[in-house]
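Report on the following structure.
The values are calculated or read from the model by the stated rules, or taken from the named source; none is laboratory data. Model, not experiment: these values are computed from the prediction. Glycine also receives a Cβ, built like all others from the backbone with ideal geometry; neighbour counts cover every protein chain displayed. When the accessible area is computed, the model is the full protein with side chains, heavy atoms only, and any ligands, DNA or RNA have been set aside. Shrake-Rupley method; radii C 1.70, N 1.55, O 1.52, S 1.80 Å.
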Amino acid sequence: MTTAVAVDYRTPLMTFRAAVHRVRQSPEPSTLADLARAALALPGGPRDTVTDNEKYVSLLRTLEFAEESQVFPRIDHMVTTVGDLARMTPSWFRPHEPEGTADVVRLLAMCHERQPDMESSPLSPWTRAAEAGTRLLGIMLRRTNARPAEALMVRTAEEFAARMRAAVAHAAVTTAAHFAEYAARAYGLFPIGPRIARMNGGYIEWSRIFGTRRYTFELIEGGGLEGFPHGRVTVRRTGSYEVFRTFALTARTRRTVIDRFTDSL
């Protein structure tokens, strides 16, 4: 005679989802290590199909690769050297000579190596990191004794570092988010899909599944939009019935909303 044993699938799945969120918010080796531990704690499911397949092996391999990436210490070193450079008088050296400049150039080169077709992939995390790095390099090369731009340099270096860390962790976050949806369905729990972003013509679109409903967000910047001179955000929900809402951007909120929207991808 066998006795059925109740298995708690919800708690380890919620822990795993929370770990994915923490990596998205703070991509670094420590949060990636926490996510790997949460992945190892996932139960196999009713038929042991969740952890006994190639998807699970691929997840663990991707997490290990991201956690052990040597790019993270290089990013930290760049922030330190740029911060040191920002406190120095610009006329003491040529712009291309300091170690901080070399660190920025090397990380920028990595961005272009990982995402060579940036013009056709504007939403790629490597493209967005390169945008911040290019701004930082321009500030470093143009600063003068009269305009040392110390605070601006440090702030832009931190933005570049944050986008670089996000790019390094991106594959791990995406793989884990897909796996969380797969595991939820296998456990018979409420599935939450990953964010899927793309350029759709002239506007940015991302969608996400919650249970049986899909939410799609479209961001269209201003210029030629009748009734929406500064752009708009459209939200569409599909499922048992469709819900459609449109929100206008204003001159005051446009830049902030666009930056937050794109960063959330």
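Okay, here's what the table says:
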quantity: Helical mean residue ellipticity (222 nm; -39500 (n - 2.57) per DSSP H run of 4+; nearest 500) of the chain; calculated: -18000 deg cm²/dmol
quantity: Whether the chain is rounded, prolate or oblate, judged on the alpha carbon gyration tensor where a/c under 1.5 counts as rounded; calculated: oblate
quantity: Between the stretch 166-205 and the stretch 97-153, the Cα center-to-center distance that results, in Å; calculated: 28
quantity: Per residue value of the accessible surface for the chain (all protein chains in place, 1.4 Å probe), Å²; calculated: 57
quantity: The stretch 132-141 - phi-based ³J(HN,Hα) in whole Hz, Karplus 6.51/-1.76/1.60, Gly and Pro as x; calculated: 5, x, 5, 4, 4, 4, x, 4, 5, 7
quantity: Extension gain, residue 248 back to residue 87 (0.36 nm per residue minus Cα-Cα distance, nm); calculated: 53.7 nm
quantity: Carbon plus sulfur fraction of accessible area for the chain, probe 1.4 Å, in percent; calculated: 54
quantity: Length gained when the stretch residue 49-residue 70 is fully extended (0.36 nm per residue, less Cα-Cα span); calculated: 4.2 nm
quantity: Derived scalar couplings ³J(HN,Hα) [the stretch 184-195; Karplus, 6.51 cos²θ - 1.76 cosθ + 1.60; whole Hz; x for Gly, Pro]; calculated: 4, 5, 5, 7, x, 10, 5, x, 10, x, x, 6
quantity: Crossing angle, helix 71-86 versus the chain [Cα axis fit, 0-90 degrees, rounded to tens]; calculated: 30
quantity: Amide N of the stretch 81-108 lying under 16 Å from the label point, which is placed 7 angstrom from the Cα of residue 135 along Cα→Cβ; calculated: 108
quantity: With Cα atoms, 0 to 90° folded angle of helix 10-25 axis to the chain main axis; calculated: 10
